[in-house]
2 protein chains.
Amino acid sequence: MIATSISDFIRTLTALSGLLDKAAASAQARKIDPLVLTSARLAPDMFALARQVQISCDVAKNGFARLGGVDAPKFEDTETTFAELQARIAKTIDFLHSVKAESLAGSEDKVVSFPAGPERVLKMKGDAYLKQWMLPNLYFHTVTAYNILRHNGVDVGKMDYLKGADLLP
Amino acid sequence: MIATSISDFIRTLTALSGLLDKAAASAQARKIDPLVLTSARLAPDMFALARQVQISCDVAKNGFARLGGVDAPKFEDTETTFAELQARIAKTIDFLHSVKAESLAGSEDKVVSFPAGPERVLKMKGDAYLKQWMLPNLYFHTVTAYNILRHNGVDVGKMDYLKGADLLP
């Protein structure tokens, strides 16, 4: 069950990549420094776009690494440009493709420990961690990235966010 | 499998209700007309807070009604106050509690048709509809509600959004 949900993370990160492509094109067309967009935020004490993208990646890679008992790639969190953010998403998706279904077998019942902020460590059972922590966090940071872009006049729509859904003809 | 995911919708709508409680208290403390917050939006062509809450409810009630082959309650979409929005969330959660697991048995493979905007009807298989449409849409509108509140200075944090996660001691 948990192994099949990797595709939800890959689909969403791929959609996030598409949103950033549109944002980069919008900056160019409107003659805006792209760093204005990657450093934009919705409130002074919220994370900027670049950090939202970084965390979307981390939720996915660190989550499946914990569930699968494998090492996740470490990133330095230094991305500021759209190209750098796209590279991070691509590396994260590569990692997700590398996670073996066998390593996730039985992880529904595994107890997972993970940091929440700089000082707290939380524990959840694997299936709850996936459904009540990883997925809501993935969507939280991806939707916040979307909202930052919409707030800054980038022409993206909800179908960009939902892209990759298996529609029937 | 689909039946167990009802709890993800109830948990998230309950968290959304908590966000609105904090927003109402914030409006009162800051002497802001609550309607300023319920009509706030992040971009002129995005939905306001009240509509984000209405859609969060609709994704849940209409989604499980389609999957379960049962009738969902109809709402008039006239809510403007926090009390009215809270009532809509409560009615939605009541409906979700009423959906019988038996009615959802086998719905993973059922083909579901649903409107996407005023003119389009889309089709998906039940399990994809849940994971690639209902859940991303639920989180989309709840996170956008959160972002509207944060953008307007309401003191909510991510743990309000994640509230109800089954943390182990």
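In region A:116-135, how many are of a type in the set (A, V, I, L, M, F, W, C), out of contact with any Phe, Trp or Tyr (no Cβ under 8 Å at 6 or more places or on another chain) and in a strand (DSSP E or B)?
Counting residues in region A:116-135 that are of a type in the set (A, V, I, L, M, F, W, C), out of contact with any Phe, Trp or Tyr (no Cβ under 8 Å at 6 or more places or on another chain) and in a strand (DSSP E or B) gives 1.
If you take just the helices (runs of 4 or more DSSP H) that sit entirely in region B:27-100, which of them hold at least 3 residues that are in contact with an Asp or Glu (Cβ under 9 Å, 6 or more places away or on another chain)? Working first, answer last.
On the way: elements: B:34-38, B:49-68, B:82-98.
Output list reads B:49-68, B:82-98.
Residues A:PRO44, A:PRO73, A:PRO34: which one is within 14 Å of chain B (Cβ to nearest Cβ), farther than 29 Å from B:TRP133 by Cα and surrounded by fewer than 23 Cβ atoms within 10 Å (Cβ to Cβ)? Give the steps one after another, and end with the answer.
Details: A:PRO73 fails: within 14 Å of chain B (Cβ to nearest Cβ); A:PRO34 fails: within 14 Å of chain B (Cβ to nearest Cβ).
Step by step, each of A:PRO44, A:PRO73, A:PRO34 is checked, and only A:PRO44 is within 14 Å of chain B (Cβ to nearest Cβ), farther than 29 Å from B:TRP133 by Cα and surrounded by fewer than 23 Cβ atoms within 10 Å (Cβ to Cβ).
Working only within region B:50-70, note down all residues that are farther than 22 Å from A:MET159 by Cβ, among the hydrophobic types (A, V, I, L, M, F, W, C) and either within 14 Å of chain A (Cβ to nearest Cβ) or open to solvent by 20 Å² or more (accessible area, probe 1.4 Å) (or both).
B:VAL70 - this is the single residue of region B:50-70 that is farther than 22 Å from A:MET159 by Cβ, among the hydrophobic types (A, V, I, L, M, F, W, C) and either within 14 Å of chain A (Cβ to nearest Cβ) or open to solvent by 20 Å² or more (accessible area, probe 1.4 Å) (or both).
Identify, by number, the condition in (1) more than 17 Å from the chain's Cα centre (by Cα); (2) over 20 Å from B:LYS131 (Cα atoms) that A:ASP127 doesn't meet.
Single failed check for A:ASP127: (2).
Please state which of the following conditions B:GLY117 fails to meet, knowing it meets all the rest: (1) closer than 30 Å to A:VAL154 by Cβ; (2) modelled with pLDDT under 95; (3) open to solvent by 80 Å² or more (accessible area, probe 1.4 Å).
Only one criterion is unmet by B:GLY117, namely (3).
So in region A:128-168, with the set limited to residues that are more than 8 Å from chain B (Cβ to nearest Cβ) and farther than 27 Å from A:PHE82 by Cα, which one is surrounded by the most Cβ atoms within 10 Å (Cβ to Cβ)?
That would be A:TYR129.
Give the residue, chosen from A:SER113, A:SER103, that is among the small types (Gly, Ala, Ser) and part of a strand (DSSP E or B). Explain how you work it out, then say what you get.
Numbers: A:SER103 fails: part of a strand (DSSP E or B).
Going through A:SER113, A:SER103 in turn, the sole match is A:SER113.
Look at B:LYS125 and say whether it is within 9 Å of another protein chain (Cβ to nearest Cβ), open to solvent by 70 Å² or more (accessible area, probe 1.4 Å) and of a type in the set (Lys, Arg). Walk me through it before giving the result.
Details: within 9 Å of another protein chain (Cβ to nearest Cβ): yes; open to solvent by 70 Å² or more (accessible area, probe 1.4 Å): yes; of a type in the set (Lys, Arg): yes.
Against the criterion (within 9 Å of another protein chain (Cβ to nearest Cβ), open to solvent by 70 Å² or more (accessible area, probe 1.4 Å) and of a type in the set (Lys, Arg)), B:LYS125 qualifies.
If you go through region B:87-103 one residue at a time, do you hit one that is without any contact (Cβ under 8 Å) to a residue 24 or more places away in the chain and within 11 Å of chain A (Cβ to nearest Cβ)?
no
The values are calculated or read from the model by the stated rules, or taken from the named source; none is laboratory data. All values derive from a computational prediction rather than experimental measurement. So basically every Cβ, Gly included, is an ideal-geometry build from the backbone, and we count neighbours across all protein chains shown. The accessibility values were calculated without ligands, DNA or RNA, using every heavy atom of the protein model including side chains. Shrake-Rupley method; radii C 1.70, N 1.55, O 1.52, S 1.80 Å.
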